[in-house]
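Asker: Quick one: the structure is below, questions incoming.
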Amino acid sequence: MSEPTIIGGYELKNCIATGSTTQIWEVVEQGSSVQLAMKLMLPEAHKEAAEKAVLKHEFKVGASLEHPAF
């Protein structure tokens with residue numbers, strides 16, 4: 001069995017969706033059973049400044065939301 005893929009303390013479990021520049025993954029926080037979703041930029045999209053700007057904007061909007069489920 002292969003080693004799990006870990007990014008920033010989260011284990012990638014299942015790819016939920018793939019778009020032209022990103023993927024959405026079901027992840028589990030290491031050391032807990034907390035399940036979350038993580039959006040990852042595809043390697044080829046890293047070259048595009050506009051794609052990075054969109055993802056940064058989405059992060060800022062998401063970080064500004066206040067709700068117990070977030």
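Asker: Please go through region 15-30 and give me each residue that is farther than 20 Å from Gly62 by Cα and exposed (fewer than 11 other Cβ atoms within 10 Å of the Cβ), ordered by number.
Answerer: Ser20
Asker: Return the total of residues in region 1-27 being among the β-branched types (Val, Ile, Thr) and within 11 Å of the chain's Cα centre (by Cα).
Answerer: Selection size over region 1-27: 5.
Asker: Then there is this: Scanning region 31-70 for residues that are over 15 Å from the mean Cα position of the chain (by Cα) and under 18 Å from Tyr10 (Cβ atoms), which turns out surrounded by the fewest Cβ atoms within 10 Å (Cβ to Cβ)?
Answerer: Ala69
Bear in mind these aren't lab numbers, they're just calculated from the coordinates by the rules spelled out. Predicted model, so just to flag it, every value in this text is computed and none were measured. Here Cβ is always computed from backbone atoms with ideal geometry, including for glycine, and neighbour counts include all displayed protein chains.
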